[in-house]
Every structure is written in structure tokens, then in C-alpha cells.
Amino acid sequence: MTGPIRVYGMLMRELGRVCGRGRRQLLPALLCSVIGTLCGVLLPAALAKLTNAVFAGALGAALPADRTTEQVVAEYRAEGDTATANLIERSGAVPGHRMDWDVIDHWVGWSIVLIIVILVARSAGGLLLNSFVQDTVRGLRTELEQKIHRLPLSAVDGGRRGHVVNTTTVDVDNLATMIGPAFVAVPVIVLTCLAVIVALGLVSLFFLGVALAVIPVMVALSVFVIRRARPHMQTQWATTSSLTSHIEDVYSAREMLTVYDAYERPVREFDRLNGRLAHATRSGQTWSGTLSPAMSLCNALVFVTIAVLGALKMLDGALTLGALQAIVMYTQQLSNQVSELASNLPRIQSGIVSFTRVREFLGAADEVGPAVDDVAPSPVTDDAPPPHIRFRNVSFEYEPGGPVLRGVDLELPPGRTLALVGATGSGKTTLTSLLQRFYEPSGGEITIDGVDITTMSRSQVRSQMAVVAQEPWLFTGTVRENIAFGSADGGTPTSSVMERLVGALPNGLDTEVSGDHESLSSGEKQFVTVARALAARPRILILDEATSSADPRSEVLIQEGVSALREHTTTIVVTHRMSTLAIADVVAVLVDGRVAEAGTVDELLAADGEFARMYR
């Protein structure tokens, strides 16, 4: 049992760390639950007193009023009716005395008060617990969101977005279902069991032993079922993640699947994952579902046993009717708590599986310092001069033994435009990724205005940049909202070039953009991304094959926009198109991760080297 206890303790510590503001609701929720529990334990005792008072009054009214209790008991013993004598003696009945309404009213009042307190405490505890759970989940989602932005690009490159989506949505939702049981239900169940055991022991040690005799059987049964269900639950949530990723992949590639009429293979993969998920869910729920009926059977056996033995003892005069009632109620409470614990265990176990996945995600290594938000970015003013960028003997490899860049030396004066050309895989995009601090150089250094970027936070580096990639990223909304995303003040600064770019769209700045971008053509999407970069007024502009989807007229517009930024922007262009080189002051040719040659277009053509061969 040390394993589950250790995991449970770790779960409590980890969720307690995340919940933040929710802690203020947890203590009152626990307090309300404890109050409700204690009142629930006191209620059978109060009802027992009430029952004894009613029974004593009814029995006393049936006895002759001209005798004392001792005389009546002696007469029954003399007749050999010891059981009745014991019953009269233990009940406290007084011959000839009817109901003592003062006593009955007293215990009725206390019972009503206890019931009201139980209802209020449980209602308030439920509301506070729900608030605590929602605050905890909100804090957990916030931490996951922050974690995504602090992960190095290498941690998510090549991964499936569906796994991340599943972790931040499905796993968190599943985890939320067990926070209440883990923080409140289980502690309250343990407290209730201890209180009931003490109360039952005060009433009758014999019946306490009977009630406790079945507990080891129920615990052993619970452990057996949990161990059988756990592998299926782990498979269930792992397969759910894979299924989410598969749907994400198929949805993203639906156009290609349609073109190649290749739906058969994704459908087979979906059927395979769906079948595995159904089998794992069915098996896990089957094992978990056997626990509650088994607990109910044990409870029924205990109840019948105590009811029969209690009735015999009461008739024998060893117990009062109120004591028997209290014993039955306490036994039922104890059995119910064990059953409730057993019913919560599958939920907690399923939540622990999701918690483990979330914890692994949160435990992934962050970007090496300074991280994204270690230092706040400095505001970039409109009159800030363009930066001086330099690559000094920069080397890089994604994996050991596979160098991508080999001692790259490049210098880009302020306000100039550098074009990177070369064959696919020569390291052009990798060089811009290093400048954006997506990765760290294996050797050498990159400086902006003479400052090594590794000494700056990633926010400080990236806040100076705007990037237009080959694959444009847009979100659902209007073109105006997408452009404002790149502006520091959230506005949509305009220029003649921007007006011409968005003027080509159906409704200009108010053109709607759907989440899958189907409302815009490839060239129109590129218009929006370029306009967004212009609106940001960056000190460093990176165009990574930004004109690959543009027609000649659109390319001219983009070139005009880049030229308009020269006063405060240093630009790096990655391109295979010779027409784009018209805006470049310097062209660097990369071959196998090295700068083979650099110069103006005319100089490189005259040198008749690698660039000239590419040009021809």
C-alpha cells in the first residue's frame, strides 16, 4: 500500500502547489465537511435517545401503575421470563408513566438541529469545493499554457500537436473529476470511519468487531480490482491522446487526402485506434464496475448479520431498541463510507493517470536561461535605429555528429538587407532560427549591436523581430485583428503599402479569416502576414520564403514594404527566387553549412562561382 500512498501524497503536493488562490476555498470546504461528518455521527446517538424515550413511554404505559419498576422486573424473573425483565430494566420504563414529552421534544429538537447543520454544511462544502476545483483547474491550465511558451523548440519539433492538445484539454478535464475526491472526499471518509468506529465502540464492542471483520475483505477486493483496472486506464488515456493526434493530422491534411484519394489508410488507422480505445475503456470500466456491486454485497451481508444478532440481543434484553437502532445506523455509515471510498478509487486512479501525463509535460526542461520571461523586453520606439547583426564562427547541429552549420561568419550593417540563398538543407532557415533563439549555437556567437544574444532573454531578442514564414499563420477573426496581433499597441498602423496589400482583399481590413484559412488564397494569406510584420515596425525583419506564394505584382508590393522599413529595420531574406534578390544589399550563398561566397548580385555573377551556377 506504500505505492498508492506515495502517489497520493505526491498528487496532493503537486495540485496544492498549482491551485494557488483555490487554497482559500479548500480549508472552509474541509471544515464544512468535517462539521457535517461529526453531526452525521452524532445524529444516530440523538435518534437512539429519542427512540428509547418513545419506547420507554410506550412500555411504561402498558405496565401496572401500582408497582415499581423493581417489582415488575422481579415478577417477570420469578415467572422465568428473564428476557422481558431485562428489556424493562434496560429501557428505563416506569410503570404507569406515559410519554415524557419534554425529553422527546428535547431530542427531536436536537435531531432537527443536527439534520439542518448537516444539510447546510454539505451544501456550503459542495459550493466551496466546486469553487476550489475550478480555481485549481484554471491554475493548472494557466501553468500548462505558460509551459508551452517556455519549452524549447526542440522539445516540440517532430511531435504531434494532438498529444499537446490532449494533455491540455482532455487530461486536465479528467484530472478535474478527481480533485474533489482527492482533497476532500478521501480525508472526510477517513475521518468519518474513525469517528464511527469510536462511536460504535462506545455502544457495543461486540458489534464493532462484527462490522470491522469485513473491512479487510473489502480492502483486499478493492486492491485486486484496482490493479486489474489500472493498465486498461493507462491504455485508455494514451490511446485517447493518439486518437486526438490522428484526427488532428487527418484534418490538417484533408486536401491532400482528397487529391490522392487516400482516405482508406487513415480510416483503417482510425478504426484500429478506436477499437483499442473501446476495448481499453470497456475493460477498465468492467473491472471498476465490479467494485461497487461487490461492496454492496459485503454491506448487505454485514447489515443482515448485525440486524439478526442485534434483534436477538434486544429480545434477550442485552440491548435497548435505541442502541440497536444506533448500531445499525453506525454500521451502515461505516459500510457506506467504505463503499464510497471504493467508488472514488477508480476515479482517482483514472485521474492519477492523467495527472502523471500532465506532470510529465510540466516537468519537461524549459529553455535554458535566460528564458522567455526572465527579463522583460525593452520597448522599441519608432525612432530606434536599425541594429547591427553579426554571426561569428557560428556552428550548430540538431543531433551530435550531424553538423548543419560549420563556422558561419556574416556581418549585416544597420538598415541593410541580407539575402540567404542555397540548396535545400544548406542551413538558411537554421541560421534565422538561431537568431530568434529557437536553438542555441553549438559554437560561436550571434550579436545584436555587439551584445551576445545568449546574454539576453528570449523576449528581449524576439520583441525586436517580425517574421514572415513560408507557411503563413493566421487565426480566426478579421484581417484587422490579425494585423493588430503584430502591433505592440494592438492598433493597425497603416501605410500606403499596407493599404495596397489589404486593398486586394475582398473586404479590406474587415475581411473574415476562418481558422483553416480557406476563405483566403495562398497569396492573400501572405498579404496579411506581410502587413502584420509591417504593422509591428520591427528592428529586425526575417522573410523566410515569404514571396514563394506571391505573384509578380504581389512580390513587388512586398518588396516596396520591406524597402519602406529600411530606416529602422535590418532585414534577412531567405529565398530561392532570383527576383526577390532585387531588394538585397548583400547575398550570402550557403553550401553544406558554410558561407561559400558573399557579395552583391552583380559581384557574385561576375565571380562565376556557386551563385552564378544557381542563377543559370
So in segment 389-615, what percent of DSSP beta bridges are antiparallel if you round to the nearest 5?
55 percent
q = 0.17 Å⁻¹: log10 I(q)/I(0) that the Debye formula gives for segment 553-616, counting C-alpha atoms only:
-0.64
Segment 389-615 - Rg over Rh from alpha carbon coordinates, Kirkwood radius
0.97
Cross-link candidates for LYS49: which lysines have Cα within less than 27 Å, leaving aside residues fewer than 8 places away along the same chain?
LYS313
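Throughout, read-outs are computed from the coordinates displayed, never taken from laboratory work. Bear in mind the structure is a predicted one, so any value in this text is a computation, not a measurement.
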